[in-house]
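Report on one structure; see the data block that follows.
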Amino acid sequence: MSDTATVAQGSTRAAAPWLAAAVALGALAGAGAAFGTGGLLVAGVIAALAAMYAVTAVYARPERGLWLLLLAIPLDTAGRLITSPVTVTVYQVALLMMLAIWGLRWLADPDDATPRWSAVDIGIATLLAAAVWSLPGSLAPSATIISIVRLAFLWLFFLLFVTWMRGEPSLRRVVTVVVATSCAASMLALLQAAIPGLGIGYTHTQMSAEGLIARPAAFFDDPNYLATMLSVGILAAVGMAIASRRAAHVMAWLAASALMGAGLLVTLSRTGWLGVVAGLVPLVLTARPDRRRWLLAAGTAVVLAVMLVAPGAVLTRVGSIFDVTGDASVRTRVLMFESSTEIIADNWVFGTGLSGYEVAYPAYRLIGARYDILKPHQLPLAMWAEMGILGLIAELLIVGGVVWVLRRRRHRGWSAYEAIGVAGLVAMLVQSMFQYYLYFEYLWLFLAIVVASSRLSARSEEVPA
């Protein structure tokens, strides 16, 4: 970057907070003269000041915008600003703000803010092309167009994290925010379970062999989404504990993972625990031999403790994972797998159109499958079913891109953040065999962590916290 650009950018950053303050004070004075100083006006001015401060703070240090996004994602239903004529959420506003700031930074200093491309982007670009490829023959054209836009913004979300997570300290802060927000969501879920009718967040009620059961979902509209968030949060905390040098830090990370584990239990999510078990495999395999032993011992102890103290409803849910005949949800997923293969056989070139699966599915639904479930529940198959052969190619290219960016670890070993990224990604992929997580930001977040962590210049077996 030239000296002129440096001076200009420095001047802009220095002036931005004062400019924001001047505008806010002017707005306050004008509004006060026109309307008085009512509570609504004061609240509006405070919100405007906070927004202006956030914009200037993020412009000065774009990494802060990543933290704002991670704080906004778990709000989901609670973060809906308006719901008509379209739903606008706090997360969407934060994402648009971050993208605008990124654009301004790119204009001010192209060398610093240029997107940091990787081999994974080839697969994502192919995925977006596959979504467009599916549009002409889509069974739900309007839904396909909306989904294409959502997919494009998810790619931008991925690029934001890949571009602005720079170095080990930045990765550590992002992982810490993931764990902190997961702990907060877990505490809310525990409160929802302990106090029926709490009135905060969402609780899903469903029938089971034992009658009606309540499944806390915090601020998500599906307890399985909360469970998936908690599963990757657990893996992130365990990964940090494995790599920490100090015993106090190890205990703090493990305590956080235990809190999230308790929250995961009350969601009664089977896929969440499958994700944790699957994600622990790469954490164990990449850990140092001395820590691998205590990790295996600790894992065994946790499993035994859960079996001893878990409520009957939890054990019943775990035991029903492979109950194809008795559990309607499990049976539906198995039957839907077969239906998806038939949909692919009939639409293997162009697919049903992205988000067109639920329109095609009723004609392929098998006897025994639940009639209230229409959305696909196996992401790898659904991508081919909805986007045709190009969707399958995109899947393979994304997986190949991940393998490519991690290829150098054979020569320098695994860093703590590579292990966490791969563990979270594996957990998400396993759960996507039972849920449709294409639009779930945590899948794209951990994909970004894998890419960003692969760029660390030296091995990082241990972290300071």
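Taking the alpha-carbon centroid of each part, what is the distance from the range 79-108 to the range 371-427 in angstrom? With the range 79-108 and the range 371-427 each reduced to a Cα centre, they are spaced 27 Å. 3J(HN,Hα) along the range 283-299, derived from phi through the Karplus expression 6.51 cos²θ - 1.76 cosθ + 1.60 where θ = phi - 60°, amounts to 5, 5, 5, 9, 6, 4, x, 5, 7, 5, 5, 6, 5, 5, 5, 5, x Hz, with x in place of Gly and Pro.
Across R270, R292, the residue with the most accessible area heads the list, and the full order at a 1.4 Å probe is R292, R270. Oblate is the label for the range 71-195, because a/c, from the alpha-carbon gyration tensor with a ≥ b ≥ c as root eigenvalues, is 1.5 or above and a/b does not exceed b/c.
Solvent-accessible area assigned to carbon and sulfur over the range 362-423 amounts to 68 percent, based on a 1.4 Å probe. Backbone phi angles across the range 242-254, fed through the Karplus curve with coefficients 6.51, -1.76 and 1.60 (θ = phi - 60°), yield HN-Hα couplings of 4, 8, 6, 8, 9, 4, 5, 5, 4, 5, 5, 5, 5 Hz in residue order; Gly and Pro are listed as x. Under 5 Å between amide hydrogens, built in the peptide plane, is the criterion, and for S244 it picks out V463 among residues at least 5 positions away or on other chains. Under 5 Å between amide hydrogens, built in the peptide plane, is the criterion, and for H204 it picks out R215, A217 among residues at least 5 positions away or on other chains.
Placing +1 at every Lys and Arg Cβ and -1 at every Asp and Glu Cβ, with all other atoms neutral, what dipole size does the range 356-451 have around its Cα centre, in debye to the nearest 20? Don't jump to the answer; show the numbers that get you there.
Values: 8 positive and 6 negative charges, 97 e Å.
Charge dipole of the range 356-451: 460 debye, to the nearest 20.
Ranked by the mean number of other Cβ atoms within 10 Å per residue, highest first, peptides 274-280, 146-152 order as 274-280, 146-152. Across the range 88-104, rounded Karplus estimates of 3J(HN,Hα) from the backbone phi angles (6.51 cos²θ - 1.76 cosθ + 1.60, θ = phi - 60°) give 10, 10, 4, 4, 5, 5, 5, 5, 5, 4, 5, 5, 5, 5, 4, x, 5 Hz, Gly and Pro being marked x.
Annotation: amide H of T89 within the under-5 Å range of L81, sequence separation 5 or more or interchain, hydrogens built in the peptide plane. Heavy-atom accessible area, probed at 1.4 angstrom with all protein chains present, ranks Y225, Y442 as Y225, Y442, highest first.
Its residue count N sets the reference 2.2 N^0.38 Å, and the alpha-carbon radius of gyration of the range 356-419 equals 1.68 times that reference. Per residue, the Cα convex hull of the range 225-293 amounts to 72 Å³.
The values are calculated or read from the model by the stated rules, or taken from the named source; none is laboratory data. In this text, all values refer to a predicted model and were calculated from it rather than measured experimentally. For neighbour counting, all protein chains shown are included, and Cβ atoms are generated from backbone atoms with ideal geometry for every residue, glycine included. The area values use the complete protein model at the heavy-atom level, side chains included, leaving out ligands, DNA and RNA. Shrake-Rupley method; radii C 1.70, N 1.55, O 1.52, S 1.80 Å.
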